[in-house]
Every structure is written in structure tokens, then in C-alpha cells.
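First comes the structure, then the notes that go with it.
The values are calculated or read from the model by the stated rules, or taken from the named source; none is laboratory data. Bear in mind the structure is a predicted one, so any value in this text is a computation, not a measurement. No Cβ is skipped: glycine too gets one built from the backbone with ideal geometry, and neighbour counts run over all protein chains shown.
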Amino acid sequence: MAEPFRVHRGRAVVLPVNHVDTDQIIPSREMKRVSREGLGEGLFAGWRYREASGREPVPEFPLNRPEAEGATILVSGENFGCGSSREHAVWALAQYGFRVIIAESFGAIFRGNCIRNGILPLSLPGKDCTQWRNGVEISVDLEAQKLILHDQTVRQYDFDIDPYAKKLLLEGLEPIAMTLSQSESIEEFIERDKKMRPWLYSAA
Amino acid sequence: MRTLFDKLWDAHRVEGAAIGGHDLIAIDRLLLHERTGGVALKSLAEKGLRPLDPKRAFAVMDHIVSFREGRDRDEARSPGGGAFITETRAMATEAGLNLIDTDHPSQGIVHVIAPELAIAAPGLTLVCPDSHTCSLGALGALAWGIGSSEAEHALATGCVRVKKPKQMRIRIEGRLPPGVTAKDLALHIIANYGANGGNGCAIEYSGEAVADLDIEARLTLCNLAVEFAAFTAVIAPDEKTRAFLEGKPFAPPSNVLRQRLETDEQAVFDREILIEATTVSPQISWGTSPEETISLSGRVPTDGREKALRYMGLAPGMPIEGVPIGGAFIGSCTNGRLSDLVSAAKVLRGRKVAEGVRAVCVPGSQGVKREAERQGLDVIFKDAGFEWGAPGCAMCFYAGGETFAPGTRVVSSTNRNFEGRQGPGVRTHLTNPAVVAASAVAGRIASPSSLPVREEAA
Ligand code: SF4
């Protein structure tokens, strides 16, 4: 399971667009093996490299700019991570080195995938975060639910996060183990359900 | 007073197991495909865990399989893709899952075969590591797309931990005009309320126009809910649902199918939208998000996003009809069912695809393909100059390998017009199958009614 997430300070890369879909985050052609590994290089491949099959960088793409070097925080617009459910998008972001994604809002499946992989999906609706400077330093305190933008003028924001996601991230918990510790409740459900819907358990 | 969604949720909530506001929801049936499911099975095995009830899990081959007619058992459509097929097969077999392999008589796109086999049915919960799992809500099931780690969780525990979403009802009153399909209705809603309009909600579609839709069209409507950023969509089952499912391999018994399952009259939704069906027209996307959609008779917006315009090679204010195309694709979990092929074949009968257009039709499943061939639709497609493929996702998404050339403008019956979705630089226009067929014939974006009258009819 992922490292616990408590505080993080890092440089941010700003992608000032809405509806960044998971096909853009990791193009399908970059998912080459039945594996979670080796995806960092394919991150944003369609935007980051000149050609679909090549690795020559597009210099003006925010991630390739010198001020974003070593970025660990990604900032984008509305509905970030929409589209395909591929968890490879989150694995690619993590392998590249991202720990926090800040966006107006997120695709629901993508958000769930983030918290299971130790990435904090942080929504700041209505804060115009796509206007932030590429390469800006940001610090995030998950426990306190506070974000600080270390720009010419320092700004502080509060953010919301649901208690389950917070707990999972803060403690670096393993969701399967957590649920398996509740096996008794699950077994009770199934026993009762088997009486009500025997056909489901014996179908074909 | 509860909504249909509340009832489905409550019936599957494991008592006393919520954590931090997230319920534990029992999953009746789990679907996997070779693209994202293989990695879940592998990772589960590496943790030394086994599926709780493998007989309620189904592994399907659809995403990477070759769509070449007469393909080999392990033939993929992308380089190195065969490993997804062989590894998923090996792991699914080892774990004891129901396997619907490449050469299985029911093989096809997971969201097409789940209804065909009645793996999805009213009152059931289903998950799949695939975002278009929301399609299955059309049968009155609670079905949604998850990630691979969640699929592992579902396999190991028989449950998914999830926060109950907000609820929205979209009521569609009146009747859709002739030639306007469920695809147009869905695109119309996304264009009007935005690709984020569904905002993580569980949506119930209801109203006269929805009741009018046959089951295949309802599947299309719910399929596009994820492009609306919805958690999922659901439609109350009715007599059509029962008739559609009865007698299918995994169907619940008749008495179960006859149970009423619907929203109570006084139930309250977090948000309600009312749509007048008569105002919906045939739609086509012009940009790179499904919300960038206009009426087929409309013009590219003058305030459209520049990035999308540039990618799509369009100018603001130009009429979308008449824009020359180089490709046409009919298939996918959105519009790859029999009724979709029938509507395209009606346009294609006695006509030819324009020169310079590569046109491909891939039935959504072996069942669809068999029935289409029994009705002679394959002959109509092939005579018109369409390629006729073997079931799977095919050209709905690019996975490496063969596709349209960069820059090709493609009219497509699929659900995503994202940059590069159908291939690097490929420009996708989403529309209904009849418009795809008409455009293929005209060699440019065209409505079926704009085509010259067929010779035999003249
Ligand atoms: S047909 Fe397209 S959208 Fe549907 S499951 Fe396959 S790849 Fe996904």
C-alpha cells in the first residue's frame, strides 16, 4: 500500500485546461503490458512528445518547461481524469512523481483511483487554480485540510475531503485488508441474501 | 419515500460496515475484461488472495482482440496485445471465473453481452473496471465503473466501498421526432448541461420518451452517462425489460423479473432536469469533448475552444454538414447492437461508400453478428463497401496498431471524441449510426435525408 500522506511541499505544474481525460494522461498505446509498472514515461505522451511513437519533447508543454522540473503537484481545471476508468492514469502520475492533483473537480473513478494509490485529489472549486503560475511552490497539510500557495503573495486555502479518503491517505491503509477485517458482516449479508435470492448463487 | 436508486443501494448495503461515510455495497456480479481486468487478477494473485465467489465473476475478451474476420484465438489488434488475452485467460481460468473467451459463441463487448446473457438484470449490483459499465443501468441494475484496485477489492471481498452519490432525475417528456435516437438525446443533454453536468450523481432517466425507447436504445442512453460525469444511470425496469431478459442464460427467475422496482411517487432528488423530447434533433460532436456537440444542421460555434478547433481542423461558424470525411466507424458498446446495424443498413442498402472513405462496421457481439448475418445485413454493409469485422471494441479506441491515418476525419458511432482516442491525430465526430452511414456514402458529414434517392426507388 501507499506511503501515508500527511504534509507535502513541492513544485506545481499547471495544465490550464478542462476535461483532461485519462486517455490523455496515459494513452492506451502506452499501456504495453499486463502490469502496473513502466508507465511514467508514457504520462501525457500525446502532449509531451512531438510524435506518437517518439520521445522528443514538445518544449512548450508545461510539464517540459524548466520551471516545472521535479514537479510533484499537478494543477488543472474542471472534470480532471474524466473518461476511461484505467487506473494506469494514476499509476503513471505516481511513477512520474506526483503526490497531489489539484483541480476544480474530478472524474469520480479517477478520484477513487487516486486515494487508493496514495495520491491526494484535492478539489478547489471556483478558485481559478488554472491561473496559478507554472512552477509555483505549494504546500499541503492533509490533517489540517490547508493548502498554501507560496507565490509573490502567499495565499492560503482550506479544502474539503471526505473522511474515508482522508483516513485512507493519512494512514496509508490497505482497503482490502480493512474490508476483510469486516468479513463477519459480509458473511451475514450473504447468508441472509442466499435465502432471499438463492438463484443468484446457483445461476448457470 | 425512496428512489429506485435508494432501493438498489439499501438492498445491497452491508450493515454496520460503513467507514468514514463510505458504505460497503455487496456486489452481485463482477465483470472483467482483458485490458484492465487482467492486471487486477494478477495483482490479487500476487497478494495471495482469491476471489470470494468466482462463479459470480465473468472475464470477457473484447478490448484488444483483433476485429479481423477469421481471427486466431490469441490475435490482438495492437502489437504485443496478445499477452493481454493469454494472461487474462490463464489467470481467469486459474481463479475459476466464468470465461467468455475470444472464440466463445457469446463473446463480445462486455457491456453488450452482459445484457444479452442477462448477467445484468433488474435489482442486481454489478461493477467492472470499465467506465461504461453504467450502460447496464438501462435494465434497472445498479452498475458502475471502477478502477483496477477496486476490482481487486470486489473480487476478494465481494463488496465495493463507496460513498452514496447525490441523485438527479432527468425526465424526458413527449416523443422524440423521427430519425432522432437515444444517442442524439444523450449528446443533446451533454451539450446542454456540459460534460461535467452529471457531477458524480446517480441519474434516473424517466418520462414518456424513455418508456418509449426499446431496451437497446436505453442501453445507449445510459452508456453515455459517464461522458456526462455521472456516477451511473438507471432506468426503472418495465414489461420491455422483462421480455428482453426472460429465458436468457443468467436471467433471474420470472417471478423475480416481474417484481416492481421503481421510484416512489413522493421521492425527492437532489436535482431534477426536464427535457422536451420534441426539441431534440440529430446531434454530432465537433470538438474533443462530448460536450462540444451541435445539431447536425448547425454550425461550429464561434466561441468554441481554440485548442479543439485546431485539433479538429475546423473554422468557427462553418456548417458541420458537408465537411469532407476520410473514415466511418459503426460499432462499440454505444451503438454496436442489432438495432444500430439495422438503422445503418437501411441507409446503406443499394448505396456505395464514397471513394477515399474507409468504412468499418464491427458488431458488438457474436450474437449481434449472427443475427445481423441471418438478416443479410452483412451483405448490405459489404456491398456498400464497408469492412465487416469480428466482435470487440475495435476502432472505438486506439491501442497501438492499425487505425485511420493521422488527421483523418472519422464519423463514429462511439462515445468518445477525445484527442487521439481513435488514433494519433484522428479527428472523431460522434453521431448516430444512420448519420455515420449517410456520411460514409456522401463522403462528407451528411444526414440520411440529404442523400440522393436510390436508383431502385426512383
Ligand atoms: S466499445 Fe469502446 S467505450 Fe465501449 S467498452 Fe469498448 S473501448 Fe470502451
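If a residue must be among the polar types (S, T, N, Q) and either touching a helix residue (DSSP H, G or I) at 6+ places or on another chain (Cβ under 6 Å) or in the same structural domain as B:Ala225 (by TED's automatic domain parsing) (or both), how many such residues does the range B:377-421 contain?
Keep residues of the range B:377-421 that are among the polar types (S, T, N, Q), which gives B:403, B:408, B:412-415, B:417.
Narrowing further to those that are either touching a helix residue (DSSP H, G or I) at 6+ places or on another chain (Cβ under 6 Å) or in the same structural domain as B:Ala225 (by TED's automatic domain parsing) (or both): B:413-415.
Qualifying residue count, the range B:377-421: 3.
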**Message:** I want to confirm something. Restricting to the range B:252-268 and keeping residues that are over 28 Å from the mean Cα position of the chain (by Cα) and more than 11 Å from every other protein chain (Cβ to nearest Cβ), which single residue is surrounded by the most Cβ atoms within 10 Å (Cβ to Cβ)?
**Reply:** B:Ala267
**Complete:** Scanning the range B:405-424 for residues that are in contact (Cβ under 8 Å) with a residue 60 or more places away in the chain and within 13 Å of chain A (Cβ to nearest Cβ) gives B:Ala405, B:Gly407, B:Thr414, B:Asn415, B:Arg416, B:Asn417, B:Phe418, B:Glu419, B:Gln422
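Tell me the residue from B:Gly401, B:Gly326, B:Gly364 that is out of contact with any Ser or Thr (no Cβ under 6 Å at 6 or more places or on another chain) and small (Gly, Ala, Ser), please.
On the way: B:Gly401 fails: out of contact with any Ser or Thr (no Cβ under 6 Å at 6 or more places or on another chain); B:Gly326 fails: out of contact with any Ser or Thr (no Cβ under 6 Å at 6 or more places or on another chain).
That would be B:Gly364, the only listed residue that is out of contact with any Ser or Thr (no Cβ under 6 Å at 6 or more places or on another chain) and small (Gly, Ala, Ser).
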**Residues within the range A:10-41 that are farther than 12 Å from A:Val90 by Cα, away from chain B (no Cβ under 11 Å) and surrounded by 15 or more Cβ atoms within 10 Å (Cβ to Cβ), tallied** = 6
**Request:** May I ask you to list the residues in the range B:180-232 that are surrounded by fewer than 24 Cβ atoms within 10 Å (Cβ to Cβ), more than 12 Å from chain A (Cβ to nearest Cβ) and either at pLDDT below 95 or assigned to a loop (DSSP other than H, G, I, E, B) (or both)?
**Result:** B:Val180, B:Gly207, B:Leu213, B:Asp214
**Request:** Residue by residue through the range B:307-342, note down the ones that are of a type outside the set (Val, Ile, Thr) and over 19 Å from B:Trp286 (Cβ atoms).
**Result:** B:Gly331, B:Ser332, B:Cys333, B:Gly336, B:Arg337, B:Leu338, B:Ser339, B:Asp340, B:Leu341
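Quick check on the range B:145-158. Is at least one of its residues β-branched (Val, Ile, Thr), surrounded by fewer than 22 Cβ atoms within 10 Å (Cβ to Cβ) and away from the ligand (no atom under 14 Å from the Cβ)? If you could, list the steps in order and put the result at the bottom.
To start, the set of residues in the range B:145-158 that are β-branched (Val, Ile, Thr) comprises B:146, B:157.
Pick out the ones that are also surrounded by fewer than 22 Cβ atoms within 10 Å (Cβ to Cβ) and you get none.
There is no residue in the range B:145-158 that is β-branched (Val, Ile, Thr), surrounded by fewer than 22 Cβ atoms within 10 Å (Cβ to Cβ) and away from the ligand (no atom under 14 Å from the Cβ).
What number of residues within the range B:233-262 are polar (S, T, N, Q), touching an Asp or Glu at 6+ places or on another chain (Cβ under 8 Å) and part of a loop (DSSP other than H, G, I, E, B)?
Summing the residues that are polar (S, T, N, Q), touching an Asp or Glu at 6+ places or on another chain (Cβ under 8 Å) and part of a loop (DSSP other than H, G, I, E, B) in the range B:233-262 gives 0.
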**Request:** Identify the residue in the range B:77-96 that is away from chain A (no Cβ under 13 Å) and at negative phi and, among all such residues, is surrounded by the most Cβ atoms within 10 Å (Cβ to Cβ).
**Result:** B:Ala95
**Request:** May I ask you to say which residue of B:Arg427, B:Arg421, B:Arg444, B:Arg409 is closer than 30 Å to B:His104 by Cα, at pLDDT 95 or above and basic (Lys, Arg)?
**Result:** B:Arg421
**Message:** I'm checking my understanding of the structure. Among residues of the range B:297-333 that are within 16 Å of the ligand (Cβ to nearest atom) and within 14 Å of another protein chain (Cβ to nearest Cβ), which one is nearest to B:Val112 (Cα to Cα)?
**Reply:** B:Cys333
**Request:** Consider A:Leu63 carefully, then state whether it is away from chain B (no Cβ under 14 Å), under 28 Å from B:Glu227 (Cα atoms) and assigned to a helix (DSSP H, G or I).
**Result:** yes
**Prompt:** Do we find a residue being of a type outside the set (Ser, Thr, Tyr), within 16 Å of the ligand (Cβ to nearest atom) and assigned to a helix (DSSP H, G or I) anywhere in the range B:400-413?
**Reply:** no
**Complete:** Filtering strands (runs of 3 or more DSSP E) wholly in the range A:114-204 for at least 1 residues that are surrounded by fewer than 18 Cβ atoms within 10 Å (Cβ to Cβ) gives A:137-141, A:146-150, A:154-158
**Complete:** Among (1) outside any loop (DSSP other than H, G, I, E, B); (2) within 14 Å of another protein chain (Cβ to nearest Cβ); (3) under 23 Å from B:Asn335 (Cα atoms); (4) touching a helix residue (DSSP H, G or I) at 6+ places or on another chain (Cβ under 6 Å), B:Val112 falls short only on (2)
**Prompt:** Assuming B:Arg68 fulfils every condition listed in (1) more than 9 Å from every other protein chain (Cβ to nearest Cβ); (2) part of a loop (DSSP other than H, G, I, E, B); (3) of a type in the set (D, E, K, R); (4) within 18 Å of A:Glu187 (Cβ to Cβ) apart from one, which condition is it?
**Reply:** (4)
**Item:** Qualifying position, being more than 21 Å from B:Ser131 (Cα to Cα) and modelled with pLDDT of 95 or more, among B:Glu46, B:Glu75, B:Glu34
**Value:** B:Glu75
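Of all residues in the range B:18-33, count the ones that are part of a loop (DSSP other than H, G, I, E, B) and touching a residue at least 12 places away in the same chain (Cβ under 8 Å).
Qualifying residue count for the region: 3.
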**Item:** Every residue from the range B:408-458 that is among the basic types (Lys, Arg) and buried (at least 20 other Cβ atoms within 10 Å of the Cβ)
**Value:** B:Arg409, B:Arg416, B:Arg421, B:Arg427
**Prompt:** Of all residues in the range B:360-388, which are within 20 Å of B:Ile109 (Cα to Cα), crowded, with 21+ Cβ neighbours inside 10 Å and away from the ligand (no atom under 16 Å from the Cβ)?
**Reply:** B:Ala372, B:Leu377
**Tally, over the range A:42-67, of residues that are more than 18 Å from the chain's Cα centre (by Cα), of a type in the set (A, V, I, L, M, F, W, C) and surrounded by 19 or more Cβ atoms within 10 Å (Cβ to Cβ)** = 1
